[in-house]
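Written below as structure tokens is the structure these notes are about.
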Amino acid sequence: MLYRSNPRNGDSISQLGLGCMRFPRSVGRIIDQQKTNDLIAAAIDHGINYFDTAYVYPGSEAALGKALTAIGKRDQVFIGTKLPHYACKRPKDVDDMFHTQLERLETGWIDYYHMHMLSNLESWDRMKALGIERWIEKARSDGKIRNLGFSFHGGRGDFLDLLDAYDWDFCLLQFNYMDKNNQAGAAGVRAANEKGLAVFVMGPVRGGLLTDEMPQGAKQIFGGVDENRSLAEWAFRWVYDFPEVTMALSGMSCISQIEENCATAAEAGPGSLSDAELAAYDRAVSILMQGVRIPCNKCGYCMPCPKGVNIPDCITCYNVSYLFDRISGIAQYTQVTGQWTPLRSDASKCTACGKCEALCPQKIAISKELVRVRRRMLSFLIIPLYRFMRWLWKMK
């Protein structure tokens with residue numbers, strides 16, 4: 001594992017961190033604690049020393065806390081977690097949530113504490129009015145918070161404003177070769193580094209779009225340069241090529257993914273890409289951009305939908321129908337939304353309540369986009385088939 005130094009405090013951080021939103025789950029979607037313990041132990045054995053979670057990731061903080069206690073490695077790793085500032089209505093809310101997080105994580109301090117999804121200056125000003133700066137100062141003096149930063153999903157202008165709004169220690173932003181000029185982008189990465197912040201990256205494979213869901217034409221471009229590299233390796237190598245990046249997060253959910261990604265993180269560093277390799281990324285992006293109609297990265301912040309719509313997968317299937325072909329998209333849509341069952345989760349259940357749009361980091365007009373999804377996925381030819389499939393289900 002290669003390590004990079006936090007320019008603010010000298011922490012030696014593995015350039016690959018484990019995102020803890022996708023821990024292994026058992027029947028009923030409950031986190032499998034033993035598998036999670038094994039996953040985290042394997043990550044530490046392979047050199048990963050940074051673990052990222054959040055208050056709003058269901059069960060994640062508690063599972064991480066139990067695993068580190070069972071393994072006995074809390075003092076050897078960095079924990080990053082996040083305050084849902086948007087849910088704080090009064091100063092007491094901040095204190096209550098933070099102490100809940102310490103209990104869940106079974107620890108007395110947080111190494112890297114984020115303002116979660118802080119995407120504009122207005123949101124920070126609201127927290128300042130609640131006294132967040134005084135609260136942070138006390139938490140720091142008590143040794144409960146060691147570094148303070150924010151995670152970001154907005155536009156470049158808002159990002160630059162936030163950089164100047166507080167003396168942050170670090171930031172976390174979406175960054176990959178498809179988003180080089182999107183959101184904060186490469187310009188934001190460099191600006192944060194110039195201010196002395198540690199720069200943490202999420203979404204290096206863009207929710208799978210840069211791996212399994214890659215169109216064949218883009219795959220062939222990379223294969224023509226080096227057929228022995230996986231698409232995930234290509235994605236991580238691009239991020240690691242930036243010396244301004246301190247660490248890249250990956251939501252790995254099995255040990256084989258840890259082994260593969262750690263192998264890349266053990267030898268790919270800044271400036272290691274050739275001109276031919278950099279040109280391959282540009283050619284692949286030109287193909288990818290032709291098929292992505294809705295810029296969703298499957299972060300899941302829009303979930304759960306009160307009406308039961310599987311929003312991320314509905315959008316993914318819609319994009320797949322353009323990236324590959326319509327039949328592939330519809331086939332995937334049929335499976336992931338359970339079209340043959342009474343508990344289906346397709347776009348037709350959307351009532352445009354707007355709850356998801358208020359939570360979407362990408363600012364996607366989800367209700368409007370789900371109308372497009374429904375029209376493309378539910379053609380007049382397929383609806384009778386779905387009805388027949390549901391009839392067969394009831395007959396079982």
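Computed from the coordinates by the stated procedures, all read-outs in this text should not be read as laboratory data. The structure presented is a predicted model; accordingly, all values stated were derived computationally and were not measured. A quick note on method: Cβ atoms are made from the backbone with ideal geometry, for glycine too, and the neighbour counts reach across all protein chains shown.
With 22 Å as the limit, the listed pairs LYS82/LYS128; LYS82/LYS138; LYS144/LYS195 have LYS144/LYS195 beyond it between alpha carbons. Just grab the label-to-label distance for LYS180 and LYS307, each label 7 Å out from Cα along the Cβ direction, in nm (one decimal). A separation of 4.0 nm, rounded to one decimal place. For region 226-289, the convex hull spanned by the alpha carbon atoms encloses 109 Å³ per residue. Cβ-to-Cβ counts within 10 Å put VAL239, VAL225, VAL56 in ascending order as VAL225, VAL56, VAL239, the fewest first. An ellipsoid equivalent to region 59-126, defined through the eigenvalues of its Cα gyration tensor, has semi-axes of 26, 12, 9 Å when rounded to whole angstrom and sorted largest first.
Round to a whole angstrom and tell me the spacing of the C-alpha centers of region 320-371 and region 1-66. Computed from Cα coordinates, the inter-centre distance equals 29 Å.
Please work out how much length the chain gains when fully extended from GLU122 to ASP161, using 0.36 nm per residue of separation minus the C-alpha to C-alpha distance, in nm with one decimal.
Values: separation 39, 0.36 × 39 = 14.04 nm, distance 1.02 nm.
Extra length available between GLU122 and ASP161 comes to 13.0 nm.
Working out 0.36 nm times the residue gap between THR100 and GLN76, then minus their Cα-Cα distance, what length gain in nm do you get to one decimal? Present the calculation step by step, with values, prior to reporting the outcome.
Numbers: separation 24, 0.36 × 24 = 8.64 nm, distance 2.23 nm.
Here the segment from THR100 to GLN76 would lengthen by 6.4 nm.
Ordering PHE222, PHE170, PHE98 by the number of other Cβ atoms within 10 Å of each residue's own Cβ, fewest first, gives PHE98, PHE222, PHE170.
Note on LYS92: aspartates and glutamates with a C-alpha under 19 Å away, same-chain residues under 8 apart excluded, are GLU103, ASP125, GLU133, GLU137, ASP142. Placing a label point 7 Å from the Cα of ARG140 along the Cα-to-Cβ direction, the residues of region 159-174 with a backbone N closer than 13 Å are 166-170. Look at THR337, THR107, THR69 and count the other Cβ atoms within 10 Å of each Cβ; fewest to most, that gives THR69, THR107, THR337.
Just tell me, in residue order, which DSSP H segments of the chain are both 27 angstrom or longer along the helix axis (alpha-carbon based) and at least 0.5 in mean Kyte-Doolittle hydropathy. Span-like helices here: none at all. Computed over all pairs of different Cα atoms, the Kirkwood value for the hydrodynamic radius of region 3-119 is 14.8 Å. Relative to a virtual label point 7 Å from the Cα of ARG375 in the Cα→beta-carbon direction, which members of region 276-299 show backbone nitrogen distances below 19 Å? Backbone N within reach: 291-296. Averaging 1/r over every pair of different alpha carbons in region 116-254 and inverting the result gives a Kirkwood radius of 16.5 Å. Its Cα gyration tensor gives the chain an equivalent ellipsoid. The semi-axes, each the square root of 5 times an eigenvalue, are 34, 26, 22 Å from largest down.
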